[in-house]
Amino acid sequence: PLVLGIETSCDETAAAIVSADADPAKRLVAHRVLSQIEDHADYGGVVPEIAARHHISHLDRLLAALMEDAGLSFDDIDAVAATTGPGLVGGLMVGVMTAKAIAMAAGKPFISVNHLEGHALTVRLTGEVEFPFLLVLMSGGHCQILDVTGIGQYRRLGTTIDDAAGEAFDKTAKLLGLGYPGGPAVEAAALEGDADRFDLPRPLLGKPGADFSFSGLKTAVRRAAEACVAKHGILLKQDRADICAGFQKAIGDCLVDRLRHAIADFREVHGDGTFPLVVAGGVAANKALRTRLTAVAEETGMVFHAPPMALCTDNGAMIAWAGLERFIAEPDIDDRDVSPRPRWPLDSDAEPLVGAGR
Ligand code: ATP
Ligand code: MG
Ligand code: FE
């Protein structure tokens, strides 16, 4: 089957068409992503109202261009998927209403997709990854480790008790004057830095469990930057690079420690086999962190998998693919009475909101 997927939960207007081709290299038929980064740059973060307006202004033309890229019409598609949550509700409504309208007009089912499940399943679009797998989900709004046993089947082994990983990168970047989004800028600056110059904390390191905490790290980054500015009047480029390198190393140390605990937990349930260790979400684009995770996989007998860089941050392919997986699992699926929900944890049994007025 062919599935069209629409993503509008945050600041990317995106859509894609995927197929169930046996060859992973042929599954992504077409995809388009329109980033709103410039529209939000002046505000140092995503402004929900601006995001929703941008989706409204651009989604129809983006879809027309996508269909042209693919050489397909809506009648050729077997189902239409959209992110129904979690995310900014104004944006979600734009994508969901558009997808439902196309589905209704073409007489095809609408499929509700959890954005986080889209991130989680992307490695199954681009490669062969079987269940169960251990998932490290690191994105702008989330930082979790999950035991994934199937479509819609997630057991949370750890989560952040304050900031998400991407949020920590973004706040650090803002503090250091590196703009938004912060991840790529911090990673680039860190390449020139000495990671051991500043003594930054590793929150929860060595503690039982697999939870994360990043807010203390953010405070320490602020203090380090203030000390540098007090000395020189401005934040020197080298100081900034050293702070970024130290910050990234601290995040990596926490990640490695928490992941080791999660792997032990995962193995208690699934045994000693060679299982996939999957990283997903925008922060999974970070090369230094990928390297740290690859090392943990090797040390613990797991096999490391990450989506290609371009499919780590938000995109339509991940939504189309999660929709396709749900469609194959449940061919008579139709979620047209599902409404957007801003909060929708992966491991909750709660279904998306159904019906009007709820
Ligand atoms: P969520 O998926 O939790 O709803 P989101 O969709 O806004 O949040 P993503 O698009 O998955 O988040 O990821 C964006 C985040 O990834 C941003 O916080 C960004 O700074 C971070 N990020 C992107 N590239 C990198 C990188 N190279 N290193 C670190 N962080 C990165
Ligand atoms: Mg984004
Ligand atoms: Fe995301």
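Any read-out appearing in this document is the output of simple, stated calculations on the displayed coordinates, not a laboratory observation. This structure is a prediction, so every number in the text was calculated from the model and none was measured. Here the Cβ is made from the backbone with ideal geometry for all residues, glycine too, and neighbour counts use every protein chain on show.
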Working from the pairwise distances between different alpha carbons, so that the mean of 1/r is found and then inverted, what is region 232-358's Kirkwood radius in Å? 18.3 Å
Measure nothing fancy, just the Cα-based angle from helix 287-300's long axis to the longest principal axis of the chain, in degrees from 0 to 90, nearest 10. 90 degrees
Give me log10 I(q)/I(0) at q = 0.12 Å⁻¹ for region 133-238, Debye formula, one equal scatterer per alpha-carbon, no solvent. -0.49
Using only Cα atoms, find the angle between the long axis of helix 165-175 and the longest principal axis of the chain, and express it within 0 to 90 degrees, rounded to the nearest 10. 60 degrees
Can you list which of the GluC sites (Glu not before Pro) found in region 169-226 are DSSP loop residues with at most 16 other C-beta atoms within 10 Å? GLU192
What percentages, rounded to whole numbers, describe P(r) for the chain computed over all alpha carbon pairs with 20 Å bin width beginning at zero? 31, 56, 13, 0
If one takes the longest principal axis of the Cα atoms in the chain, at what angle in degrees, from 0 to 90 and to the nearest 10, does the Cα axis of helix 115-126 lie? 80 degrees
Report, ordered by chain and residue number, the aspartates and glutamates lying within cross-link reach of LYS100, taken as a straight Cα distance under 12 Å and ignoring same-chain residues fewer than 8 apart. ASP334, ASP335, ASP337
Using alpha carbon centers only, region 40-110 is separated from region 175-192 by a whole-angstrom value of 30 Å
Which residues among region 255-276 fall inside the zone where the amide N is under 19 Å from a point 7 Å beyond the Cα of ALA295, along Cα→Cβ? 255-264
Let's test this: bin the Cα-Cα distances of region 212-301 at 10 Å from zero up to the farthest pair and state each bin's percent. 14, 37, 27, 15, 6, 1
If neighbour count is taken as other Cβ atoms inside 10 Å, put THR126, THR149, THR274, THR291 in order from fewest to most. THR274, THR291, THR149, THR126
Where the Cα atoms of region 276-326 are projected onto their three principal axes, how long is each span, largest first, in whole Å? 34, 21, 11
Top mean-square fluctuation among CYS228, CYS312, CYS143, Gaussian network model of the chain, C-alpha springs under 10 Å? CYS228
Using only Cα atoms, figure out Rg for region 39-91 and give it as a multiple of 2.2 N^0.38 Å. 1.43
Taking θ = phi - 60°, what integer Hz values does the Karplus form 6.51 cos²θ - 1.76 cosθ + 1.60 yield along region 38-51, in sequence order, with x for Gly and Pro? 5, 5, 9, 3, 5, 9, x, x, 7, 9, x, 5, 5, 4
List, in the order given, every pair from LYS231/LYS287; LYS218/LYS249; LYS26/LYS108; LYS171/LYS237 whose Cα-Cα distance in the structure shown is over 21 Å. LYS231/LYS287; LYS26/LYS108
Highest mean packing first, using Cβ neighbours within 10 angstrom, the peptides 61-72, 250-261 sort as 250-261, 61-72
Using a/c under 1.5 as the rounded threshold, could you call region 70-144 rounded, prolate or oblate? The axes a ≥ b ≥ c are square roots of the C-alpha gyration tensor eigenvalues, and prolate needs a/b larger than b/c, oblate otherwise. oblate
